[in-house]
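Colleague: Quick one: structure below, then a few questions.
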Amino acid sequence: MTTAWFDEESRLTPEELQTVTFPMSRLGRRGYEEEPVRGFLGLVYGEFVRLVNERASLWQEVQRLRRRIPHFPRQRRPRPPRRPRLPGNCLQCTQRGAARLRLYAVGMMHTL
């Protein structure tokens, strides 16, 4: 199991990625100084490699733990939701349901 995610001090944060600034090139050249940009790209590359390795390690750990569960179901595709079965004559069913509700409402009125 990996513990790299506990080492928060040396990790790049999204905030650092958004707020990084580089010195502009000297006169006569356009863009930024190459060395600071290359150095930052090295940090980003190192973090990316660390994340990919951490993900692979965690995936292996999940698979190992799944094998320890005796009846862990293999990944199944979710079933599509079932359509409700409608009777042949929907109007007749609706009329019966309305009649039942009327009887119930009349019965409730008599208990008041």
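Colleague: Kindly establish whether Thr21 is in a loop (DSSP other than H, G, I, E, B) and modelled with pLDDT of 90 or more. Working first, answer last.
Modeller: On the way: in a loop (DSSP other than H, G, I, E, B): yes; modelled with pLDDT of 90 or more: yes.
Considered against the rule, which asks whether it is in a loop (DSSP other than H, G, I, E, B) and modelled with pLDDT of 90 or more, Thr21 comes out as yes.
Colleague: For the range 61-97, which positions are modelled with pLDDT under 80, among the hydrophobic types (A, V, I, L, M, F, W, C) and surrounded by 10 or more Cβ atoms within 10 Å (Cβ to Cβ)? Quick ask: steps written out before the conclusion?
Modeller: So the first thing to find is which residues in the range 61-97 are modelled with pLDDT under 80, and the list is 70-97.
If we keep only those that are among the hydrophobic types (A, V, I, L, M, F, W, C) as well, we get 72, 86, 90-91, 93.
Result: Phe72, Cys93.
Colleague: If you check Leu58, Leu41, Leu27, which single one turns out to be surrounded by 12 or more Cβ atoms within 10 Å (Cβ to Cβ) and at negative phi?
Modeller: Working: Leu41 fails: surrounded by 12 or more Cβ atoms within 10 Å (Cβ to Cβ); Leu27 fails: surrounded by 12 or more Cβ atoms within 10 Å (Cβ to Cβ).
Within the list Leu58, Leu41, Leu27, the selection yields Leu58.
The values are calculated or read from the model by the stated rules, or taken from the named source; none is laboratory data. None of the values given here were measured: they were computed from a predicted structure. Note: ideal-geometry Cβ built from the backbone for every residue, glycine included; neighbour counts use all protein chains shown.
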